[in-house]
1. Rg(Cα) of the chain divided by 2.2 N^0.38 Å?
2. Within a Cβ distance under 11 Å of Pro208, other residues only, what is the Lys/Arg minus Asp/Glu net charge?
3. Select from the range 100-191 those GluC sites (Glu not before Pro) which occupy a DSSP coil region and have at most 12 other Cβ atoms within 10 Å, ordered by residue number.
4. Name the most mobile residue of Phe182, Phe142, Phe196, meaning the one with the largest mean-square fluctuation, in a Gaussian network model of the chain with Cα contacts below 10 Å.
5. When Lys and Arg each count +1 and Asp and Glu each count -1, what net charge do the other residues less than 13 Å away from Thr50, Cβ to Cβ, add up to?
6. Just add up the charged neighbours of Leu12: K/R +1, D/E -1, any other residue whose Cβ is under 11 Å from the Cβ of Leu12.
7. Calculate one ³J(HN,Hα) per residue across the range 140-151 by plugging θ = phi - 60° into the Karplus curve 6.51 cos²θ - 1.76 cosθ + 1.60, and present them in order as whole Hz with x for glycine and proline.
8. Taking one equal scatterer on every alpha-carbon of the range 27-136, how large is log10 of I(q)/I(0) by Debye at q = 0.22 1/Å?
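Read-outs: derived from the displayed coordinates by stated rules, not from any lab. If you're wondering where the values come from, they're calculated on a predicted model, not measured in any experiment. Reconstructed Cβ throughout: ideal geometry from the backbone, glycine too, with neighbour counts over all protein chains shown.
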Amino acid sequence: MVRRLNLVYQKLYSLFGSQYWWPADTPFEVMVGAILTQNTNWLNVEKAITNLKKHKLLQPHKLYKLSHKRLASLIRPAGYYNIKAKRLKSFLKFFIRYYDGNVKKMSGIDTSSLRQQLLSVKGIGPETADSMLLYALNRPIFVVDAYTKRILLRHRFTGEDTGYDKIQNLFMQNLKSGVKLFNEYHALLVKLGKEFCLKNKPRCEICPLR
């Protein structure tokens, strides 16, 4: 498995090169983006974040003070805006209550404890929590998303019923632990999923992993 996973990485990196993820100006922007990107594509998230930046509201305390209606209207391009506004509020309440909205204060907590804290926030699941940990806080934890699951299933790394934790462990137990590697590997899988391993019409005949 070690050899297979490293070979996948080498092939994808040779083809696509560095992906420069996560595209954000600050760690807090990554955290907001991780919630907004649930069930939508990144282009829609960028529009929502641009709205927040345009109104100079991409700051924890400013966002938290917004009414639900106002916040929902600003993040509308990200879809499911009422649900996501509630999830953002839940996260902001947690972030401000325990860390005063300060990423540096959050950085002092060990990864396992912080992950459990994030998972306790309503609306934050494993993928969102791990995205925050990896991309905002530079913790060596592998993010598993729909692209990852689809690719691994089609290439017979996993089965239909393999859960999040088992897929994550597959990478973390067979690769050298490192923020840079986990960051790049996940981004490359997303790239493959978007361009070749499509949900409905996969381009298997020209897949670089054939």
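1. Rounded to two decimals, the normalised Rg is 1.05.
2. Details: positive: Lys11, Lys191, Arg203, Arg210; negative: Glu195.
Within the 11 Å Cβ shell, the charges total +3.
3. Values: sites: Glu127, Glu160, Glu184; in loops: Glu160.
Within the range 100-191, the qualifying GluC sites (Glu not before Pro) (loop, at most 12 other Cβ atoms within 10 Å) are Glu160.
4. The residue with the greatest mean-square fluctuation here is Phe196.
5. Summing Lys and Arg as +1 and Asp and Glu as -1 gives +2.
6. Details: positive: Lys11, Lys191; negative: Glu184, Glu195.
Net charge in that neighbourhood comes out at 0.
7. x, 9, 8, 8, 10, 10, 4, 5, 4, 4, 5, 5
8. -1.26
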